[in-house]
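The values are calculated or read from the model by the stated rules, or taken from the named source; none is laboratory data. Since the model is a prediction, treat every value here as computed from it, not as a measurement. Cβ placement follows ideal geometry from the backbone for every residue including glycine, while neighbour counts extend to all protein chains displayed.
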Amino acid sequence: MKNWLFLCVAISSEVVATSSLKASEGFTKFWPSLLVILGYAVSFYFLSLSLKAIPVGIAYAIWGGLGIVLISVVGWAFLGQKLDFPSLIGIFLIIAGVVVINVFSKVSMH
């Protein structure tokens, strides 16, 4: 169970880091740039901890998939980015894939 918590921390910190990339303005702004660097460092550290029990392909699919979904929501909610119908379908398919992995895959259960 703690490995899934590690994966959640990895996903969350990756979303914070990615969300800060725009504010860093090409790493010319100190605080947003520091948040990017620390966010990715924390993300990869906790992703590595989760890999002690979760297969790398499953962990990476969930980390990447949920990261895409969450950063899309952050972009829409806080950065004024638009989500059109095809992007919403894509987001739904990503969520469906993560659900299928977690509910039906015997590989992901450790």
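Below is a table of values for the structure above.
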quantity	calculated
Flag if V69 is under 25 Å from V100 (Cβ atoms) and surrounded by 15 or more Cβ atoms within 10 Å (Cβ to Cβ)	yes
Verdict on K29 being more than 14 Å from W4 (Cα to Cα), basic (K, R) and out of contact with any helix residue (DSSP H, G or I) (no Cβ under 8 Å at 6 or more places or on another chain)	no
Residue under evaluation G80, criteria (1) modelled with pLDDT under 95; (2) part of a loop (DSSP other than H, G, I, E, B); (3) over 25 Å from S20 (Cβ atoms), criterion not met	(3)
Set A53, A61, A17: member being surrounded by 16 or more Cβ atoms within 10 Å (Cβ to Cβ), among the aliphatic types (A, V, I, L, M) and under 24 Å from V99 (Cβ atoms)	A61
Matching entry among A23, A61, A17 (being aliphatic (A, V, I, L, M) and within 17 Å of I91 (Cα to Cα))	A61
Criterion: within 17 Å of N3 (Cβ to Cβ), surrounded by fewer than 16 Cβ atoms within 10 Å (Cβ to Cβ) and of a type in the set (G, A, S) - qualifying residue of S43, S87, S48	S48
V107 being touching a helix residue (DSSP H, G or I) at 6+ places or on another chain (Cβ under 9 Å), surrounded by 14 or more Cβ atoms within 10 Å (Cβ to Cβ) and either under 19 Å from S12 (Cα atoms) or in contact (Cβ under 8 Å) with a residue 40 or more places away in the chain (or both)	no
In segment 1-35, the residues that are of a type in the set (D, E, K, R), more than 16 Å from the chain's Cα centre (by Cα) and assigned to a helix (DSSP H, G or I)	K2, K22
